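Engineer: Dropping a structure here in structure tokens format, bear with me for questions.
The values are calculated or read from the model by the stated rules, or taken from the named source; none is laboratory data. From a predicted model like this one, the values you see are computed outputs, not experimental measurements. In this analysis, Cβ positions are derived from the backbone assuming ideal geometry, glycine residues included, and neighbour counts consider all displayed protein chains.
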Amino acid sequence: MRVLHVCSELFPLLKTGGLADVTGALPPALAELGCDSRVLVPGFPAFMNNVIDKELIADLGAKFGAADVRLYLAKTPDSSISLYVIDAPDLFDRPGNPYADADNHAYADNYRRFALLGWVAAQLAGSLDSEWSAEVVHGHDWHAGLAPAYLKAEEIKTGQKLAASIFTVHNLAYQGVFPYRVLAEIDLPIWFFNIHGLEFHGQVSFLKAGLFFADKITTVSPSYSREIQGEEQGCGLHGLLQARSHDLSGVLNGVDPAVWSPVTDSLIAANYNTRSVAGKLACRSALQEYCGLAKQDEKPIFAIVSRLTEQKGLNLVLAGIDEILSRGGQLVILGSGDAELEAAFSERAAANPELMAVQLGYDEVHAHRIIAGSDVIMVPSRFEPCGLTQLYGLSYGTLPLVRKVGGLADTVTDSSLENLADGTASGFVFNGFDVAEFGAAVRRAFALHARKAEWKRVQKYAMQQQLGWDAAAKAYYELYQQVSN
Ligand code: ADP
């Protein structure tokens, strides 16, 4: 089975969020099942400068506003996965964030940049590479949303279906919506601009194109696949998602143990495993030292590793800081995003340097240090398609404190008395998006932490969860077989 993943990020070369972790881990997991999957990405500098064994596949000339477009086949340095990279300097050779300029304004030509990605994907289902063609094109998020549309346009034009298509929603809130006029520049039939097509309230939606034209839609957890069919979380697309509910399924993301395992992680102070968590104490102590926090062993360290956005429920954390600090707990935050949240957290940390530390920005090593060294990782999201941070927390025996929503609800079980009695507790879960419920979950974490033996039992159970990518890879492989028959 030949599958082409189409995406804009790929760990370890380029990552702004969980999408990169998924696209970095899924193809190798599929390869284990004998699935020949390749990845197509835009030629951002992070890709162009770091891939190896580049081989020119096609010279595409001028396309979508770029004077000179070339397609290369290459490899990532540390993986055997083959990567197609679209070299189009006019569109992709820009420093920094792949989607926005230094002032965080989305690039005005994003529609052309990501139309090119979708268009090349469809060509790779045809004869663009004489030695390989995709049987299934698997697009990830709005950046790849036009791939199924180009495939459909080709099918209508020639009467021949080049490849089946799957579209995975990693976050429905990011939609890639552009004015109607862009349609004239991206080589799609004008009549695709239809409510039964890629039209969304008078504009062109790349996300809707993916949802409408793909043969099957997946999202990254079973709960989120249900939630997005309702008005509250459907971001205006719940009607379409309801109509396509028979083609929509949720496949839970996994954890790549080559990157996130306390047993082998080379970025942390000491390794540990389910049988002996002594190494975790060394990680804890190293975290306190690195952050300049007071050394204490008695009270839990709470942590956040997150994009600082409205989605992540960080206003609850801001309001709950006193609940944590007044009980002697410590709080470590790593994140970047919303300027007000950045300032508010930094201010609180400056006033309580022994108890609270904030680092702004993106830092992979510090993320590992925190996940290994803290006791409770908090993900109190308003909505959460899957969430990887809580999965990393489980693997490292850092109990997740989460809101019962999306993938968080599917992966963490609250330490209620009955769950503790049953041995199924793995963290702390609260329901309503509200400060009082968040605060109660924090108090539950303190209460359990004071009962050392019970905390250890929950920690061990959390670390024993089977979170690898194999189950997800199997589910996707089955889907590929279904759509390609
Ligand atoms: P999302 O994709 O919505 O950002 P996920 O929980 O699915 O959320 O994935 C987030 C990923 O990004 C995790 O791998 C997490 O460790 C990482 N991450 C988030 N913020 C930072 C940061 N500031 N520095 C390093 N890694 C981060």
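Engineer: Can you name the number of the only condition in (1) away from the ligand (no atom under 16 Å from the Cβ); (2) touching an Asp or Glu at 6+ places or on another chain (Cβ under 7 Å); (3) in contact (Cβ under 8 Å) with a residue 40 or more places away in the chain; (4) of a type in the set (A, V, I, L, M) that Ala67 fails?
Structural biologist: (3)
Engineer: In segment 233-344, which strands (runs of 3 or more DSSP E) lie fully inside it and hold 2 or more residues that are in contact (Cβ under 8 Å) with a residue 40 or more places away in the chain, closer than 16 Å to Asp375 by Cα and in the same structural domain as Lys404 (by TED's automatic domain parsing)? Please lay out each step first, then the result.
Structural biologist: On the way: elements: 248-250, 301-308, 330-337.
Hits in segment 233-344: 301-308, 330-337.
Engineer: OK, next. Being over 18 Å from Leu360 (Cβ atoms), touching a residue at least 12 places away in the same chain (Cβ under 8 Å), of a type in the set (Lys, Arg) and more than 16 Å from the ligand (Cβ to nearest atom): is that true of Arg348 here? Let's see the steps before the verdict.
Structural biologist: Values: over 18 Å from Leu360 (Cβ atoms): no; touching a residue at least 12 places away in the same chain (Cβ under 8 Å): yes; of a type in the set (Lys, Arg): yes; more than 16 Å from the ligand (Cβ to nearest atom): yes.
It is false that Arg348 is over 18 Å from Leu360 (Cβ atoms), touching a residue at least 12 places away in the same chain (Cβ under 8 Å), of a type in the set (Lys, Arg) and more than 16 Å from the ligand (Cβ to nearest atom).
Engineer: Here is a follow-up. In this structure, is Ala372 more than 8 Å from the ligand (Cβ to nearest atom), surrounded by fewer than 23 Cβ atoms within 10 Å (Cβ to Cβ) and assigned by TED's automatic domain parsing to the domain that holds Ala303?
Structural biologist: On the way: more than 8 Å from the ligand (Cβ to nearest atom): yes; surrounded by fewer than 23 Cβ atoms within 10 Å (Cβ to Cβ): no; assigned by TED's automatic domain parsing to the domain that holds Ala303: yes.
Judged against the criteria, Ala372 is not a match.
To keep it simple, each residue is scored yes or no on (1) within 16 Å of the ligand (Cβ to nearest atom); (2) among the polar types (S, T, N, Q); (3) closer than 29 Å to Pro27 by Cβ.
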{"site": "Gly197", "(1), (2), (3)": "no, no, no"}
{"site": "Gln229", "(1), (2), (3)": "no, yes, yes"}
{"site": "Cys235", "(1), (2), (3)": "yes, no, yes"}
{"site": "Leu240", "(1), (2), (3)": "no, no, yes"}
{"site": "Arg244", "(1), (2), (3)": "no, no, yes"}
{"site": "Asn253", "(1), (2), (3)": "yes, yes, yes"}
{"site": "Thr264", "(1), (2), (3)": "no, yes, yes"}
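Engineer: Same structure again: Output yes when any residue across segment 303-310 is surrounded by fewer than 19 Cβ atoms within 10 Å (Cβ to Cβ), near the ligand (Cβ under 10 Å from one of its atoms) and of a type in the set (Lys, Arg), and no when none is.
Structural biologist: Of the residues in segment 303-310, the ones surrounded by fewer than 19 Cβ atoms within 10 Å (Cβ to Cβ) are 307, 309-310.
Filter once more, keeping what is near the ligand (Cβ under 10 Å from one of its atoms): 307, 309.
So of that shortlist, the ones also of a type in the set (Lys, Arg) come out as 307.
So far as segment 303-310 goes, yes, one or more of its residues are surrounded by fewer than 19 Cβ atoms within 10 Å (Cβ to Cβ), near the ligand (Cβ under 10 Å from one of its atoms) and of a type in the set (Lys, Arg).
Engineer: Of the residues Glu418, Glu384, Glu454, Glu478, which is over 30 Å from Ala282 (Cβ atoms), surrounded by fewer than 18 Cβ atoms within 10 Å (Cβ to Cβ) and not assigned by TED's automatic domain parsing to the domain that holds Lys216? Spell out how you get there, then give the answer.
Structural biologist: Values: Glu384 fails: surrounded by fewer than 18 Cβ atoms within 10 Å (Cβ to Cβ); Glu454 fails: over 30 Å from Ala282 (Cβ atoms); Glu478 fails: not assigned by TED's automatic domain parsing to the domain that holds Lys216.
Glu418 is the lone residue from the list that is over 30 Å from Ala282 (Cβ atoms), surrounded by fewer than 18 Cβ atoms within 10 Å (Cβ to Cβ) and not assigned by TED's automatic domain parsing to the domain that holds Lys216.
Engineer: Which residues, taken from segment 73-105, are among the hydroxyl-bearing types (Ser, Thr, Tyr) and either loosely packed, with under 13 Cβ neighbours inside 10 Å or outside any strand (DSSP E or B) (or both)?
Structural biologist: Filtering segment 73-105 for residues among the hydroxyl-bearing types (Ser, Thr, Tyr) gives 76, 79-80, 82, 84, 99.
Scanning segment 73-105 gives Thr76, Ser79, Ser80, Tyr99.
Engineer: Restricting to segment 1-49, and then to whatever is within 16 Å of the ligand (Cβ to nearest atom), among the aliphatic types (A, V, I, L, M) and in a helix (DSSP H, G or I), can you tell me which residue is nearest to Ala134 (Cα to Cα)? Before the answer, list the steps.
Structural biologist: Step one: filter segment 1-49 for residues within 16 Å of the ligand (Cβ to nearest atom), giving 7-26, 46.
Narrowing further to those that are among the aliphatic types (A, V, I, L, M): 10, 13-14, 19-20, 22, 25-26, 46.
Adding the requirement that they be in a helix (DSSP H, G or I) leaves 19-20, 22, 25-26, 46.
Values: Leu19: 21, Ala20: 21, Val22: 20, Ala25: 19, Leu26: 16, Ala46: 25 Å.
Only one residue fits best here, namely Leu26.
Engineer: Within segment 204-211, can one find any residue that is surrounded by fewer than 17 Cβ atoms within 10 Å (Cβ to Cβ) and away from the ligand (no atom under 15 Å from the Cβ)? Walk me through it before giving the result.
Structural biologist: Within segment 204-211, the subset surrounded by fewer than 17 Cβ atoms within 10 Å (Cβ to Cβ) is none.
Checking segment 204-211: not a single residue is surrounded by fewer than 17 Cβ atoms within 10 Å (Cβ to Cβ) and away from the ligand (no atom under 15 Å from the Cβ).
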